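Beneath this line is the structure, given in structure tokens, with notes to follow.
Values quoted throughout were computed directly from the atomic coordinates according to the rules given, and no laboratory measurement underlies them. These numbers were taken from a predicted model, which means no experiment stands behind them. Glycine gets a Cβ as well: all are built from the backbone with ideal geometry, and neighbour counts include every protein chain shown.
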Amino acid sequence: MTTILTLQSSLTPSRAPVTKHANFNQIPSWVSLKSSTSSVKLEHKQGQVENLHLVSLSKHGKLNEAFEFFQEMDKAGVSVAPYSYQCLFEACRELRSLSHGRVLHDRMRKDCESPSVTLQNCVLQMYCECGSLEDADKVFDEMPELNVVSRVTMMSAYAGRGLLDKAVGLFSGMLESGEKPTSSVYTTLLKSLVNPRDLNVGKQVHGHVIRSGLLGNASIEAGVLNMYVKCGWLVGAKLVFDQMVVKKPVAWTGLMIGYTKAGRARDALKLFVDLVTEGVEWDSFVFSVVLKACASLEEVNLGKQIHACVAKLGLESDVSVGTPLVDCYIKCSSFESALLAFEKISEPNDVSWSAIISGYCQMSQFEEAIKTFKSLRTKSAAVLNSFTYTSVFQACSVLADCNIGGQVHGDAIKRSLVGSQYGESALITMYSKCGCLDDARAVFESMDNPDVVAWTAFISGHAYYGNASEALRLFEEMVRCGMKPNSVTFIAVLTACSHAGLIEQGKCYLDTMLPKYNVAPTIDHYDCMIDIYSRAGVLEEALKFMKSMPFEPDAMSWKCFLSGCWTHKYLELGEIAGEELRQLDPEDTAGYVLPFNLYTQAGRWEEAAEMMKLMNDKMLKKELSCSWIREKGKIHRFIVGDKHHPQTQEIYEKLKEFDDFMEGDVFQCSMTERREQLLDHSERLAIAYGLISVNGHARGPIKVFKNLRACPDCHEFAKHVSLVTGHEIIIRDSRRFHHFKEGKCSCNDYW
DNA sequence: AGTGCTAGGT
């Protein structure tokens, strides 16, 4: 009762208020009553101050306070003015609060005997935007009087939900009743026609536009053009464009967007050239569109020229020009230029940041992507969006960093920025690649309508983990649900078969892809099949298959075959495969390394040396094997014979404890010459460090990551360690997971 | 009227 009362009395200087006022002690000090200019009016209009307070509360979105204030007003016998209702409904819309809206609507009905059309329209808009078309429908049907705004509101709501028939019905109703549709009716209707199946309706609306003589109206004309673009009828859009007397930039950009989206970026660029020659004024929209066209064509040279124009016009700092410029450079793999362009943007927005983060991912700089994301989190929340999170999930999945991944996921949930479909699929992959299938499942099961990408991601996760039966079960379930598998889905299915040695089933899926699922197999699918045969050790079968398949074997075909030759020690076949692979892809180190291994296994040192020489001549380097493990949030990396770790001594002592094993039966067949080297393989060092850190306490499994394929001897070692120490060990190598428990591995030694 | 993201084998 303090500040406000004095204010109030200053508004009514001489006399005390005639009417009883509500209790104002809830009015915060920011309420300004100064806008109410006439103090004389105030005396006569009962409740004006109270209603002003309501308006103020609604403008600040304080609906609960407003509702509490109703009680004060009721007590004082002051009524809520129609204008207050309008503002309050608007606040409900802003806050998308259907519950507040309903309560308010109830009260309004009791309060106002015959609400104005304007007020009823506010109710309509509130229900439409709060997502209850049912309520809106009811109000609309019961309205005694309608105007254009009521109809446009409903039209746009119907259209937004894909209820085009109803939207068009309203339009026809107007025509039948002889009411002349205004231009806003047309623009609303045109905006709601957004996909090819709306084209027919669009053409009819276009007809009505022509007959109503509104075609000269620039915004309607542009609306028609854009409608044709969205409906995918570029010929029609071009016709409209050609007939335009005055071609404003919006028409040019509209058509250019159409071409770009249709994969006709060349035509978009041609149009841009026309635009330049005709001397049409450029605006930032023109630049953003033409840069997108450049990006999709990877036309870095044109991009640079446009960049020059942009710079000349001083538009580099404009976020809506700078961002597509950054993206154009990223798509053209000019990351340096992209970073420079990014720095010129004066106020990078969420789109700019998501472009740069996905750029880091495209350049395989995943750590940088995460670093950038972390620094963004400390800035304003407005720079984060679901696109950014999707990219960060991707980075986490490549780094197999479940720790950060999980935190980022939690963060995204808090901000409601897990993109439906895209974000969720990225999460499924992330958790799968980190070895957290349960979390992947949780995400998958939380999805209302998992699309084919999500299903495939989840199936791949199981394939990756060696869980073939579950992968195949999921595939069958997916089909039962009516989801159509695609080419990638079959890669996942065949991979699952491959990782479990399911030759017959794999062949069956490959053979039925086309007849049963209408997905044409590609060389990739045949390569998977070669992999299945080779991995299972039936190399002759693999060779026979390769020769009979409808494609010429490619580098990948031979690589799968060669890899099988190595695991199953087929030297002669491996020699052939190596030669083929070296011819088809001389850059691939596998063509040298695997034959080298085969030769050394057979003790054919000279030929082995020859392989090394070939590789060195080509300036190729064998990727250095590296393993890492996370301990208390820190990553510890090891390479072969690594002695850099501060606890090196302890690590090697730990390894010595397993010396008995090294002398055991399993190793009788292994080469004694390489024993020394085997002792300090990177994965062993990482496992040993893991054991030291666990220090006798039972915690979760020891998780080791390796950049290359796990070595068979170390695989045996891990099995042994899991048996004697009772610790579970998980090794994620470059291709899959191995889960060691009580002396056994989840892969059943099939890998 | 425009810009940014998802699933894959070796």
Handout entry: Leading residue at positive end of dipole, segment A:47-137 (Cβ point charges), from A:C122, A:S99, A:G47
Key = A:G47
Handout entry: Integer Hz, Karplus 6.51/-1.76/1.60 couplings in order for segment A:116-133, x for Gly and Pro
Key = 5, 4, 4, 5, 4, 4, 4, 4, 4, 4, 4, 4, 4, 7, 8, x, 10, 5
Problem - Magnitude of the charge dipole, segment A:365-448, Cβ model with Lys/Arg +1 and Asp/Glu -1, debye to 20 - result: 360
Practice task
As a check on your grasp of the helix formula, calculate [θ] at 222 nm for chain A: sum -39500 (n - 2.57) over DSSP H runs of n ≥ 4, divide by the residue count, round to the nearest 500.
Solution key: -20000 deg cm²/dmol
Practice task
Sticking with the crude label model, points 7 Å out along Cα→Cβ, report the distance from A:R473 to A:L723 in nm, one decimal please.
Solution key: 2.9
Problem - Dipole of segment A:365-448, positive direction: furthest Cα of A:V408, A:L384, A:Q421, with charges on the beta-carbon - result: A:L384
Problem - Mean Cβ count within 10 Å, highest first, over the residues of peptides A:684-690, A:422-428 - result: A:684-690, A:422-428
Practice task
Let me know the shape class of segment A:365-448, please: from the alpha-carbon gyration tensor, a ≥ b ≥ c as square roots of the eigenvalues, rounded when a/c is under 1.5, otherwise prolate if a/b is greater than b/c, or oblate.
Solution key: oblate
Fill in the blank from the handout: Looks like segment A:200-247, by Cα gyration tensor root eigenvalues a ≥ b ≥ c and the a/c under 1.5 rounded cutoff (else prolate when a/b is bigger than b/c, oblate otherwise), is oblate
Exercise for the section: Just subtract the alpha-carbon distance of A:F67 and A:K656 from 0.36 nm times their residue separation and send over the number in nm, one decimal. Expected result: 204.6 nm
Fill in the blank from the handout: Under the Karplus relation with 6.51, -1.76 and 1.60 and θ = phi - 60°, whole-Hz ³J(HN,Hα) for segment A:593-605, x at Gly and Pro, equal 5, 5, x, 4, 4, 4, 5, 5, 4, 8, x, 8, 5
Practice task
Output the relative contact order of chain A, whole-number percent, from Cα pairs under 8 angstrom with separation of 6+ residues.
Solution key: 4
Problem - Placed amide H near A:E631: partners under 5 Å, 5+ positions off or other chain - result: A:H636
Problem - Cα→Cβ-extended label distance, 7 Å offset, between A:A262 and A:D106, nm - result: 5.4
Handout entry: For chain A, average projected area of the Cα convex hull in nm²
Key = 44.7
Completion exercise
Rg (one decimal) and Dmax (whole number) from the Cα set of segment A:172-309, in Å, equal 16.4, 58
Exercise for the section: Please get the size of the charge dipole for segment A:476-610, origin at its Cα centre, with Cβ charges of +1 on Lys and Arg and -1 on Asp and Glu, quoted in debye to the nearest 20. Expected result: 600
Completion exercise
Contact order relative to length for segment A:522-622, counting C-alpha pairs under 8 Å separated by 6 or more residues, stands in percent at 21
Problem - Selected from A:L598, A:S693, A:A268, residue furthest toward positive end of dipole (chain A; charges at beta carbon) - result: A:A268
Handout entry: Within segment A:140-176: backbone nitrogen closer than 18 Å to the A:R197 label point (7 Å, Cα to C-beta)
Key = A:158-169
Exercise for the section: Starting from segment A:537-602, pick out the GluC sites (Glu not before Pro) whose DSSP state is loop and whose Cβ has at most 14 other Cβ atoms within 10 Å. Expected result: A:E587
Problem - Of A:K632/A:K741; A:K270/A:K292; A:K62/A:K138; A:K371/A:K634, pairs whose Cα-Cα distance is over 21 Å - result: A:K632/A:K741; A:K62/A:K138
Problem - Check: chain A dipole with +1 on Lys, Arg Cβ and -1 on Asp, Glu Cβ, in debye - result: 2160
Handout entry: Whole-angstrom gap from segment A:313-366 to segment A:388-450, using each part's C-alpha centre
Key = 25
Exercise for the section: Post the alpha-carbon centroid distance, segment A:42-108 to segment A:126-160, in whole angstrom. Expected result: 22
Handout entry: Global form of segment A:430-489, assessed from the alpha-carbon gyration tensor, a/c cut-off 1.5
Key = oblate
